[in-house]
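Report on one structure; see the data block that follows.
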Amino acid sequence: MEAMIAQRYVKALTSLMDAEALANTKTLFDALAEAFGEKAFADIINDPNVADAAKQELLLAIVAGANSNAVNNLVKLLVEKKRLAIIPAIAESLRLTLAGMHRTYEGKVYSNTAVEASTLAALSSDLGKKMDATITLAFVASDYDGIKVEVEDLGVEVSLSKSRMNAQLVEHILKAI
């Protein structure tokens with residue numbers, strides 16, 4: 001539900017801002033979302049005993065460097081509607097929107113063996129050509145027996161499992177006999 005509400009706010013922002021201003025707004029909301037990870041900040045924002053005016057003043061002070069009426073108005077609206085908890089969802093929605101606008105995505109490569117940087121670059125390039133996008137892949141060590149490439153924002157997952165390949169090879173040999 002939060003994601004849907006956040007998308008509406010982001011849609012309004014995209015209609016008001018150009019790509020550069022939207023990228024700056026994303027940076028601001030990333031910082032705000034990160035602040036929610038701090039216990040003291042989250043306690044202040046979620047405390048019903050803290051006045052909404054104080055919360056608004058705190059948030060406006062954080063985003064003051066942006067000099068953006070749209071951002072200030074959004075913060076005021078979030079305080080008024082008591083929707084401060086969706087700020088991290090707004091940050092994520094802004095990230096997805098900008099990724100879609102620029103066709104740049106990030107993905108992960110899972111494997112139990114190390115994958116060289118040159119291999120990651122080749123996978124990124126080839127997958128990017130197939131998807132007509134710029135894809136950056138990062139290696140994540142895991143216990144996956146094989147290799148799995150995942151780009152969540154595009155809904156792409158490609159995997160090759162050693163155990164599955166061995167099972168299919170045995171099955172093919174048995175069928176041939």
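The values are calculated or read from the model by the stated rules, or taken from the named source; none is laboratory data. Predicted, not measured: the structure shown is a model, and the values here were computed from it. So basically every Cβ, Gly included, is an ideal-geometry build from the backbone, and we count neighbours across all protein chains shown. Each accessible area value is taken on the protein alone, full model and side chains, heavy atoms only, with ligands, DNA and RNA left out. Shrake-Rupley method; radii C 1.70, N 1.55, O 1.52, S 1.80 Å.
Looking only at the stretch 59-86, which residues are open to solvent by 50 Å² or more (accessible area, probe 1.4 Å) and within 21 Å of Glu2 (Cβ to Cβ)?
Start the filter on the stretch 59-86 by keeping residues that are open to solvent by 50 Å² or more (accessible area, probe 1.4 Å), which leaves 61-62, 64-65, 67, 69, 73, 76-77, 80-83, 85.
The answer is Ile62, Asn73, Lys76, Leu77, Glu80, Lys81, Lys82, Arg83, Ala85.
Within the stretch 82-104, is there a residue that is assigned to a helix (DSSP H, G or I) and over 24 Å from Asp18 (Cα atoms)? Outline the logic, then answer.
Going through the stretch 82-104, the residues assigned to a helix (DSSP H, G or I) turn out to be 84-102.
The next check asks that each one be over 24 Å from Asp18 (Cα atoms); those that pass are 84-85.
Scanning the stretch 82-104 turns up at least one residue that is assigned to a helix (DSSP H, G or I) and over 24 Å from Asp18 (Cα atoms).
Condition (residue is part of a strand (DSSP E or B), at pLDDT 90 or above, within 30 Å of Ala19 (Cβ to Cβ) and among the β-branched types (Val, Ile, Thr)) applied to the stretch 105-115: is it met by at least one residue?
There is at least one residue in the stretch 105-115 that is part of a strand (DSSP E or B), at pLDDT 90 or above, within 30 Å of Ala19 (Cβ to Cβ) and among the β-branched types (Val, Ile, Thr).
Which is free of Cβ contacts under 8 Å to residues at least 60 places away in the same chain, buried (at least 16 other Cβ atoms within 10 Å of the Cβ) and either over 28 Å from Gly37 (Cβ atoms) or in contact with a Cys (Cβ under 8 Å, 6 or more places away or on another chain) (or both), of Ser163, Ser124? Lay out the reasoning, then the answer.
Details: Ser163 fails: buried (at least 16 other Cβ atoms within 10 Å of the Cβ).
Among Ser163, Ser124, only Ser124 is free of Cβ contacts under 8 Å to residues at least 60 places away in the same chain, buried (at least 16 other Cβ atoms within 10 Å of the Cβ) and either over 28 Å from Gly37 (Cβ atoms) or in contact with a Cys (Cβ under 8 Å, 6 or more places away or on another chain) (or both).
For the structure I just gave you, tell me whether Ala114 is aliphatic (A, V, I, L, M) and open to solvent by 80 Å² or more (accessible area, probe 1.4 Å). Spell out the reasoning first.
Values: aliphatic (A, V, I, L, M): yes; open to solvent by 80 Å² or more (accessible area, probe 1.4 Å): yes.
Against the criterion (aliphatic (A, V, I, L, M) and open to solvent by 80 Å² or more (accessible area, probe 1.4 Å)), Ala114 qualifies.
Can Asp145 be described as without any contact (Cβ under 8 Å) to a residue 40 or more places away in the chain and among the acidic types (Asp, Glu)? Don't jump to the end; show me each part of the working.
Values: without any contact (Cβ under 8 Å) to a residue 40 or more places away in the chain: yes; among the acidic types (Asp, Glu): yes.
Yes: the conditions hold for Asp145.
Using beta carbons and a limit of 6 Å, which pairs, at least six apart or on different chains, have the first residue in the stretch 6-27 and β-branched (Val, Ile, Thr) and the second one surrounded by 14 or more Cβ atoms within 10 Å (Cβ to Cβ)?
Val10/Ser93; Val10/Leu94; Val10/Thr97; Thr25/Val71
Just wondering, is there one or more residues in the stretch 140-150 that are part of a strand (DSSP E or B) and open to solvent by 60 Å² or more (accessible area, probe 1.4 Å)?
Step one: list which residues in the stretch 140-150 are part of a strand (DSSP E or B), which gives 140-141, 146-150.
Adding the requirement that they be open to solvent by 60 Å² or more (accessible area, probe 1.4 Å) leaves 141.
Yes, because at least one residue in the stretch 140-150 is part of a strand (DSSP E or B) and open to solvent by 60 Å² or more (accessible area, probe 1.4 Å).
Which of the residues belonging to the stretch 27-57 are open to solvent by 50 Å² or more (accessible area, probe 1.4 Å) and either farther than 15 Å from Lys82 by Cβ or within 24 Å of the chain's Cα centre (by Cα) (or both)?
Scanning the stretch 27-57 gives Thr27, Asp30, Ala31, Glu34, Gly37, Glu38, Lys39, Ala40, Asp43, Asn46, Glu57.
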